[in-house]
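Written below as structure tokens is the structure these notes are about.
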Amino acid sequence: MIFELNNKKPEMFSGDLLVYFIQETEEKTVPCPSKAVRRALKNAWKSGDFIGKEGQTFLFYPSASVKSPTAYRVLAVGLGKPADKNDTNALREQIRLAAGTAVQQTAGQKIKSMMAVLPEETGLADKEVAECLTEGLILGCYCFDKYKSKKDDEQEVVKIESFSLQAGTLDPQAVQEGMRQGKRAAQAACQARDMANEPGNGWPPAKFAEFAQRLARKHKLSCEVIEKDAMQEMGMGGILGVNQGSAEPPKLVILKYQGGKKKTDPTIMLVGKGLTFDSGGISLKPGQGMEEMKYDMCGGAAVICAMQAIAQERPKGINVVALVPSTENLPASTALKPGDIITHYNGKTSEIINTDAEGRLILADALAYGIETYAPDAVIDLATLTGAVIFGLGHHRTGLMATDDSLAEQLLAAGDRAGEPLWRLPLGPEYSKQIKSQVADIKNTGGRGAGSITAAAYLQEFVGDTPWAHLDIAGTAWNFTEKSYIPKGPSGIAVRTLVDLVRHWQGKKKKG
Ligand code: BES
Ligand code: MN
Ligand code: ZN
């Protein structure tokens, strides 16, 4: 897909679709010298059919002439009422939504090339306008049709091949930079959606390893894959235990980006749950809706895809290491059983009460191993960990639990900027008490109440003093609040939040 800045005047654009974004205000003047376009918009305005409301669109086919050439189609998209100028996150979202609406309109139409004229006087910096518009366009036209075989009588679906942004009076350099940032982050999120859309048999743990190795070669990252025999040697009883019932070998995939040259430069560690299919194991899940558990790898996808964007962006003075423990969770005569006791990488023993609480088991090993190996300044794990988070927050916010206030605040801010809001829940000794076991150090479920927090309390046992945050994305990784730029299915949640976090990272610098 081509994405470029175009200095051509909009009226000289002769492609398939020209898009204007219009605020809901009293007077409407469109910055387009084409008379035909101006007249059509004025009429739509006068009739009340199109007044720039959020989500409103108006598509027309102006007749071009030599004197007044224009694109074949023109689309006006409403931005809504001008948001509070101090609420830049609301403004950012307004632009993403409108861009998503624009590309949704093109679905089913024969549109290959599109030019979007950047809205002016939005209250945002020029760079942000371009960034959010680009994100909305790319995220909004996402579609996964890899497994659909085309039928002869079906008309061929036309996809947009080239987007151009027209900067208008905005600073072209800022627009260029914003466009690049938006593109990197949004394409990475679409990549995460692709991984999630793959079925269990299309995306076994080995695929995470292959993808990471390819990414490392392409973008100069270092990649390491810890295989089953090495896990056995190191005593990663959590990943191995969950994998016991599966014919697919487990993988612990590690990707490292080195942007810091100084010893004092911070290292952020990301850990993502890469459960490629979660049947529940011996504590089998009900059949209804079980197919959705192919999405149980969305944490892993978010982490690997964030690394893709970070590797393209190459921020200086910061290191990022990502770990994805990956396996299936299936019932078999060899599978882990309720009552079994496993030993994790750090030597802690755990009584298995429910084999369906498997995410914490694989994350525990990855957290303990990663912290010991990379001594990070901060750790963030992401997982579709508990159904309970959906009871608490619905599909609108990701659950955040953290041992460090500064880390939590940075994540909350990044989520707000990205339009992927988080909500912090508490941790504490009362919750940790719920997972004490009679026969082992801890047990893998916390009984009734606070299911998301007791899951986090389990992970907390493996992070020591390192500042740590846990994101429970079970409610947001799919069926996330539907928006123009978030289609049904996997959302690609947290990729853009993580990229934004790294862009804005403010860490306490390491001493010495
Ligand atoms: N992958 C699931 C969590 C999940 C449930 C994600 C529904 C998305 C939608 C996780 O492995 C799981 O099964 N958790 C159990 C934990 C329980 C057994 C303590 C749950 O939430 O029911
Ligand atoms: Mn489970
Ligand atoms: Zn799971």
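Consider A455 carefully, then state whether it is of a type in the set (A, V, I, L, M, F, W, C), farther than 26 Å from R92 by Cβ and open to solvent by less than 30 Å² (accessible area, probe 1.4 Å). Full working, then the answer.
Working: of a type in the set (A, V, I, L, M, F, W, C): yes; farther than 26 Å from R92 by Cβ: yes; open to solvent by less than 30 Å² (accessible area, probe 1.4 Å): yes.
Criteria met by A455.
Anything in segment 265-280 that is within 11 Å of ligand 1 (Cβ to nearest atom) and more than 15 Å from P250 (Cα to Cα)? List them, or say none. Break it down stepwise before answering.
The first filter runs over segment 265-280 and keeps only residues within 11 Å of ligand 1 (Cβ to nearest atom), leaving 273, 275, 277-280.
Passing the criteria: S279, G280.
If I go through segment 244-284 residue by residue, how many of them are acidic (D, E) and under 23 Å from F462 (Cβ atoms)?
Within segment 244-284, the first condition is being acidic (D, E), and the residues that meet it are 248, 265, 278.
Those left that are additionally under 23 Å from F462 (Cβ atoms): 278.
The qualifying residues number 1.
Tell me, which residue of segment 269-291 that is surrounded by fewer than 18 Cβ atoms within 10 Å (Cβ to Cβ) and among the small types (G, A, S) is farthest from ligand 3 (Cβ to nearest atom)? Even if it seems obvious, please write down each step before you answer.
In the first step, residues of segment 269-291 are kept if they are surrounded by fewer than 18 Cβ atoms within 10 Å (Cβ to Cβ); the result is 284-291.
The next check asks that each one be among the small types (G, A, S); those that pass are 287, 289.
Values: G287: 16, G289: 13 Å.
Filtering segment 269-291 for residues that are surrounded by fewer than 18 Cβ atoms within 10 Å (Cβ to Cβ) and among the small types (G, A, S), the one farthest from ligand 3 (Cβ to nearest atom) comes out as G287.
Consider P286 carefully, then state whether it is part of a loop (DSSP other than H, G, I, E, B), more than 21 Å from the chain's Cα centre (by Cα) and touching a residue at least 12 places away in the same chain (Cβ under 8 Å). Don't jump to the end; show me each part of the working.
Values: part of a loop (DSSP other than H, G, I, E, B): yes; more than 21 Å from the chain's Cα centre (by Cα): yes; touching a residue at least 12 places away in the same chain (Cβ under 8 Å): no.
No.
If you take just the helices (runs of 4 or more DSSP H) that sit entirely in segment 355-461, which of them hold at least 2 residues that are polar (S, T, N, Q), farther than 25 Å from V242 by Cβ and within 16 Å of ligand 3 (Cβ to nearest atom)?
On the way: elements: 359-374, 388-393, 405-418, 429-433, 451-460.
Per the criteria, no element qualifies.
State the number of residues belonging to segment 378-392 that are aromatic (F, W, Y) and either within 13 Å of ligand 2 (Cβ to nearest atom) or crowded, with 24+ Cβ neighbours inside 10 Å (or both). Break it down stepwise before answering.
Start the filter on segment 378-392 by keeping residues that are aromatic (F, W, Y), which leaves 391.
Those left that are additionally either within 13 Å of ligand 2 (Cβ to nearest atom) or crowded, with 24+ Cβ neighbours inside 10 Å (or both): none.
So the count comes out to 0.
L170 - would you say it is in a helix (DSSP H, G or I), touching a helix residue (DSSP H, G or I) at 6+ places or on another chain (Cβ under 8 Å) and more than 21 Å from Y295 (Cα to Cα)?
Values: in a helix (DSSP H, G or I): no; touching a helix residue (DSSP H, G or I) at 6+ places or on another chain (Cβ under 8 Å): yes; more than 21 Å from Y295 (Cα to Cα): yes.
So L170 does not fit the description; no.
Does A418 fit the bill of being touching a residue at least 12 places away in the same chain (Cβ under 8 Å), under 19 Å from G464 (Cβ atoms) and surrounded by 14 or more Cβ atoms within 10 Å (Cβ to Cβ)? First the steps, then the outcome.
Details: touching a residue at least 12 places away in the same chain (Cβ under 8 Å): yes; under 19 Å from G464 (Cβ atoms): no; surrounded by 14 or more Cβ atoms within 10 Å (Cβ to Cβ): yes.
Spelling it out, it is not the case that A418 is touching a residue at least 12 places away in the same chain (Cβ under 8 Å), under 19 Å from G464 (Cβ atoms) and surrounded by 14 or more Cβ atoms within 10 Å (Cβ to Cβ).
Of all residues in segment 429-488, which are farther than 12 Å from T403 by Cα and either in the same structural domain as L133 (by TED's automatic domain parsing) or charged (D, E, K, R) (or both)?
If the condition is that a residue be farther than 12 Å from T403 by Cα and either in the same structural domain as L133 (by TED's automatic domain parsing) or charged (D, E, K, R) (or both), then E430, K433, K436, D441, K443, R448, D472, E482, K483, K488 are the ones that fit.
The values are calculated or read from the model by the stated rules, or taken from the named source; none is laboratory data. Here the structure is a predicted model, which is why all the values come from computation and not from measurement. Positions of Cβ are backbone-derived with ideal geometry, glycine not excepted, and every protein chain shown enters the neighbour counts. Just so you know, the surface numbers come from the protein's heavy atoms only, side chains and all, with ligands and any DNA or RNA stripped out. Shrake-Rupley method; radii C 1.70, N 1.55, O 1.52, S 1.80 Å.
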